[in-house]
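See structure below.
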Amino acid sequence: MAFEKPSETKIDVMSFRILLNLIKLTILSVLLPNIAMSDANKAVINDIFNLDQKYRADMPKLRLKWLISATNLDHNRIYSESHLNLLPMQKGGKQWYCLAQALYFEARGESIKGQFAVAEVILNRMDSKDFPNSVCGVVNQGSSKRHKCQFSYMCDGRFEIVDEKQAFEISGKIAKIMLRGAPRKLTTGATFYHSQNVSPRWSKKFHKTASIGQHYFYTDVNLDSQN
């Protein structure tokens, strides 16, 4: 059944509250990017973020898609470090941790947009029938055999130790934003990527969709041709 865009009269009270709170958060991110936030302001931002997160979790996907569009959440500001710095430190469950850890070990040296792009690949794989259907499944695929894994840090023989707290906080925030349904527009459906310092054989068979930071992004030609 086609989704009918809600009219203004149909927006419920909670939607209106979310809209107002998002406007407040946007104003703060624009006007106060480099000013230390007071505890009171941090508490307000934390309340806004948690309220928004809870409401989205219970919202039908089609309505959430409309709300994202209506409130302009897909604006480039989500790729701004100053915007991320305003958000409270994030914690989550197993899937969140797997994504945050992957972003930290695979892409913490990248720009904010570069980290979002890697997150897109992981979530695109999760949605593909050709990969495991969970974030942790995607990240852990092949990790039982050294140098056979999909993400190099999972089978390089080293312990995964987070020793850059601030970098992990950024990765955690990006992971939370992506798991909450942020648009995936950077990589055009990519399910593969590699560093620009290498040239794997498989890259010659796939269709390049983007070049972001130090990574090239690809989609499988066969899968792409089915669209």
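Annotations for the structure displayed:
- Among residues that are at pLDDT below 90 and either open to solvent by less than 80 Å² (accessible area, probe 1.4 Å) or among the acidic types (D, E) (or both), R77 is included.
- Within segment 80-98, restricting attention to residues that are buried (at least 17 other Cβ atoms within 10 Å of the Cβ) and among the aliphatic types (A, V, I, L, M), the residue that is nearest to the chain's Cα centre (by Cα) is L84.
- G109 vs. criteria over 20 Å from H194 (Cα atoms) and at pLDDT 85 or above: no
- Among the helices (runs of 4 or more DSSP H) confined to segment 130-227, the ones with at least 1 residues that are farther than 23 Å from G93 by Cα, at pLDDT below 85 and touching a His at 6+ places or on another chain (Cβ under 6 Å) are located at 221-225.
- Among the residues examined, Q101 does not qualify as free of Cβ contacts under 8 Å to residues at least 60 places away in the same chain and open to solvent by 20 Å² or more (accessible area, probe 1.4 Å).
The values are calculated or read from the model by the stated rules, or taken from the named source; none is laboratory data. This one's a predicted model, so the numbers in the text were calculated from it and none came from an experiment. Methodologically, a virtual Cβ is constructed for each residue, glycine included, from the backbone with ideal geometry; neighbour enumeration extends over all protein chains shown. Side chains are part of the model used for accessible areas, which takes the heavy atoms of the whole protein and leaves out ligands, DNA and RNA. Shrake-Rupley method; radii C 1.70, N 1.55, O 1.52, S 1.80 Å.
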